[in-house]
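The values are calculated or read from the model by the stated rules, or taken from the named source; none is laboratory data. Every value quoted in this text rests on a predicted model; they were computed, and no experiment measured them. Reconstructed Cβ throughout: ideal geometry from the backbone, glycine too, with neighbour counts over all protein chains shown. Calculation scope for accessible area: heavy atoms of the full protein, side chains included, ligands and nucleic acids excluded. Shrake-Rupley method; radii C 1.70, N 1.55, O 1.52, S 1.80 Å.
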Amino acid sequence: MALTVVSTYLPIPQDRGDPVRVLMMLRAIARIREYTLMVVEREDTTTADTDELRRLLPEVDVRVFPATPYRWNRLGPLGRYPEALVGGLPPWVRTRYSRPLHDELRDRSGPAVAIGEAAGAYFRDTKLRWHWDKANVLAASTLEDVNEAQDDAHRLRARYLAGISMRFEKQALSLCSTVSVTSAEEAERLRHHHGRTADFTLPSAVALPTGHLRRPENRSLIWLSSFSYRSNSLGLLRFLDEGWARLRQAGYTLTLVGSGLTGQLRADLEQHEGVRVLGYVEDLRPVLGAADAAVVPLWSGAGVKLKTLTLLAHAVPVFSTPVGAEGVPATAAVRVADTPAALAEAILDTPPSHLDAMAAEAVRLVHGQFSESRFGEHLVDSLAAHHYLSSGARPYEGP
């Protein structure tokens, strides 16, 4: 039967972790069979973006839909929050929701793959047999947001979002046939919060860069993340407040790279001596090639972090918290510490010769366990085992 795939945002450009995983899934499935992709455009999606997606997926029927505006959008949160609540959707899910896409799904049947949390909004009132690929368990991640709230107003908002997110997730899980998560830890969170066993685990992956040379500058550190994701920015600010002074005294510099940077956050970050704020860069190879090591100061979040894998793929030794290293096996390429001060000391205690060994091990790790070809094979085999792909599909040929 015809296969339907749904993504709640267009994965072009590849400006953060989520689009990387989405496009990798779309390309892997396209290599073994034809399908129809229904995807929601972003606010800033251009014709060039949609053309590029179709170029990358030449045998896929790509159908692009606009997000449906809030009826009460002119009222801001006073209008958006009640409307989202009535619809049973968290506001960020409602923002990515397309009613025309949902209407078209109601006329389809057969197997379907939903990519990402927000795609769970389309399970209702359809005849499709859904597989849900989840980047994180909302019941766990939204409760972390409540604990991180800085004042009563933020805590009240976080509790509202946690409540509606957990209800949304519970209902969507009741309507999908199978579900996959990104790590063993996420599988345990799914079981703990919803009593649901993940049907398979699909760790994220990254493509090894071509034409990349590692030419590290002495005592140069790199931070790579989306600034707009609250856990990332909070973790970075905590590291700068509690761990950076010791490293700066020893002559280290820190370069910050990622999308979603606001003017106010830039100003806050630039107050720290020795910190260079680049924001989004099109080509990561030069900036990562110049890094002696990377720091991943993350104390909340879930699943395998694409930022960590991207750093490792570029032969950058990683110093991370346990959260930032989730799903990555114990390896010489990554050193883990619990606190900002401990992260700083771990960096200070590692001589240049050890950094070189860590860099070499990083590339071996990604090539052996987190490559695009391994990701594709695992995805295809798992979907076939659960009867989303027929036995007559083309053999998987790799990237």
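Order of 290-297, 262-269, 358-365 by packing, highest average Cβ count within 10 Å first?
Numbers: 290-297: 24.8, 262-269: 12.9, 358-365: 19.2.
Output ranking for 290-297, 262-269, 358-365: 290-297, 358-365, 262-269.
Put a plus charge on the Cβ of each Lys and Arg, a minus charge on the Cβ of each Asp and Glu, and nothing anywhere else: the dipole of the chain about its Cα centre is then about 780 debye. Stokes-Einstein, applied to the Kirkwood radius of the range 169-318 over Cα pairs at a viscosity of 0.890 mPa s and 25 °C, places its translational diffusion at 143 µm² s⁻¹.
Any chance you could give the angle, 0 to 90 degrees and rounded to 10, that helix 47-56 forms with the longest Cα principal axis of the chain? For 47-56 against the chain, the angle is about 90 degrees.
With the cut-off at under 18 Å, measuring from each backbone N in the range 248-263 to a point 7 Å along the Cα-to-Cβ line of residue 43 picks out 259-263.
Using the average count of surrounding beta-carbon atoms within 10 Å as a protection proxy, the listed peptides 153-161, 278-286 rank, highest first, as 153-161, 278-286. Between 234, 171, 14, the Cα set farthest toward the positive side of the dipole of the chain (charges on each charged residue's Cβ, about the Cα centre) is that of 171. Between residue 83 and residue 369, the contour length at 0.36 nm per residue exceeds the Cα-Cα span by 98.6 nm.
Applying 1/(1 + (r/R0)^6) with R0 = 35 Å to the Cβ-Cβ distance of residue 213 and residue 330, what FRET efficiency is obtained, to the nearest 0.05? Write out the running numbers ahead of the final one.
Working: r = 28 Å, r/R0 = 0.80.
According to the calculation, E is roughly 0.80.
Specify whether the C-alpha gyration tensor of the range 1-131 places it in the rounded, prolate or oblate class, a ≥ b ≥ c being the square roots of the eigenvalues: rounded for a/c under 1.5, otherwise prolate if a/b is larger than b/c and oblate if not. Oblate is the answer for the range 1-131, as a/c is 1.5 or above yet b/c matches or exceeds a/b. Each of residue 387 and residue 246 was given a label point 7 Å from its Cα along the Cα-to-Cβ line. The distance between the two points is 5.7 nm. Starting from the Cα gyration tensor of the range 74-192, take the square roots of the eigenvalues, sort them a ≥ b ≥ c, and report rounded, prolate or oblate (rounded when a/c is under 1.5, otherwise prolate if a/b is larger than b/c, else oblate). Oblate. Relative contact order of the chain: 16 percent, from C-alpha pairs under 8 Å at least 6 residues apart in sequence. Compared with the dominant Cα axis of the chain, that is its longest principal axis, helix 17-30 is turned about 50°.
What ranking do 38-49, 113-124 get when scored by the average of other Cβ atoms within 10 Å per residue, highest first?
Values: 38-49: 15.9, 113-124: 23.5.
Packing order, densest peptide first, comes out as 113-124, 38-49.
Which value at 222 nm does the chain reach when only helices count, each DSSP H run of 4 or more adding -39,500 (n - 2.57), with the total divided by all residues and rounded to the nearest 500 deg cm²/dmol?
Computed mean residue ellipticity for the chain: -13500 deg cm²/dmol.
Against the chain, whose longest principal axis is taken from its Cα atoms, helix 230-242 shows a tilt of about 10°.
Compute the relative contact order of the range 1-80 as a whole-number percentage, counting only Cα pairs closer than 8 Å that sit 6 or more residues apart in sequence.
On the way: 95 pairs, mean separation 25.6, N = 80.
Answer for the range 1-80 is 32 percent.
Fully extending the segment from residue 238 to residue 377 would add 46.2 nm, taking 0.36 nm per residue of separation and subtracting the current Cα-Cα distance.
To the nearest µm²/s, what D does Stokes-Einstein give for the range 261-399 at 25 °C and 0.890 mPa s, using the Kirkwood radius over alpha carbon pairs as Rh?
Details: Rh = 17.2 Å.
Translational diffusion coefficient: 143 µm²/s.
Cβ under 12 Å from residue 313's Cβ, residue 313 left aside: what net charge do those residues give with Lys, Arg +1 and Asp, Glu -1? In short, +3.
Given R₀ = 25 Å, FRET efficiency for residue 59-residue 174 by Cβ-Cβ distance, to 0.05? Efficiency, from the Cβ-Cβ distance: 0.15. With no solvent and one point on each alpha carbon, what is the Debye value of log10 I(q)/I(0) for the chain at q = 0.06, 0.08, 0.09, 0.14 Å⁻¹? Debye intensities relative to I(0), on a log10 scale: -0.24, -0.43, -0.55, -1.33. Mean projected area of the convex hull spanned by the Cα atoms of the range 287-353, taken over all viewing directions: 4.4 nm².
Nearest 20 debye, what's the magnitude of the dipole of the range 230-316 about its Cα centre given +1 on Lys and Arg Cβ and -1 on Asp and Glu Cβ? Write down the numbers at each step before the final one.
Working: 9 positive and 8 negative charges, 39 e Å.
Charge dipole, the range 230-316, about its Cα centre: 180 debye, nearest 20.
In the chain, the portion of solvent-accessible area held by carbon and sulfur atoms comes to 51 percent [1.4 Å probe, whole percent, DNA, RNA and ligands not counted].
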